[in-house]
Amino acid sequence: MNRPAAALCALLLLAGPLQPRAFAQEAAEAQESAAERFNRLTPEQKDALRQKLREYKKLPPEERQRIRQNLERWRRMPKEDRIRIRENLRLFQRLSPQERTELRQRHQELRSVREDRRQELRRAMRQYLRANPEKREQVMENLRRWRQLTPEQRQELRERLRERRRR
């Protein structure tokens, strides 16, 4: 199993017991709802979840600690951020393996940009899209159209863009 998948499963599995005392009641409610959700799973889903838990338990302690910290950060996030992240994950999962690889590469390139510059770029893009709702709609439409293209069509467009940049 790859690390991100193991981490995500572990985050889902560890919903209740790792909360600090300040969140004890919320943790109990989350644990109860997790138990209820577990009871609604099919036997096959329960077996798969148990397998993920066994894989999580085999991880080194540092990795499990990192996962617990991520879970805690997730719990403290505003609801809107969690919704946005879930939607991004859903969209990511719909990508082809090639697109996922390319997205990861682009992400690494962005990470190499200084943090202050990244924040500046994000702010500028958000500000631009808020000030120009029609452009936001255009960007969203372009994304929808892009997702409908075949991998070959996408590659052809990428090559055309690279050629334009060289001129």
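Read the figures in this text as sums done on the coordinates, not as results from a lab. These numbers were taken from a predicted model, which means no experiment stands behind them. Methodologically, a virtual Cβ is constructed for each residue, glycine included, from the backbone with ideal geometry; neighbour enumeration extends over all protein chains shown.
Computed quantities for the displayed model
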{"read-out": "Pair LEU41, GLN127: separation of 7 Å Cα→Cβ label points (nm)", "value": "4.7"}
{"read-out": "Candidate aspartates and glutamates for bridging to LYS79, where Cα separation is under 13 Å - those fewer than 8 sequence places away on the same chain excluded", "value": "GLU87"}
{"read-out": "Neighbour cut-off at most 12 other Cβ (10 Å), DSSP loop, trypsin sites (Lys or Arg not before Pro), the stretch 62-143", "value": "ARG94, ARG114"}
{"read-out": "Proximal lysines relative to LYS46, as straight alpha-carbon distance under 23 Å, when same-chain residues fewer than 8 apart are discounted", "value": "LYS57, LYS58"}
{"read-out": "Cβ charges +1 (Lys, Arg) and -1 (Asp, Glu), total dipole of the stretch 123-167, debye", "value": "300"}
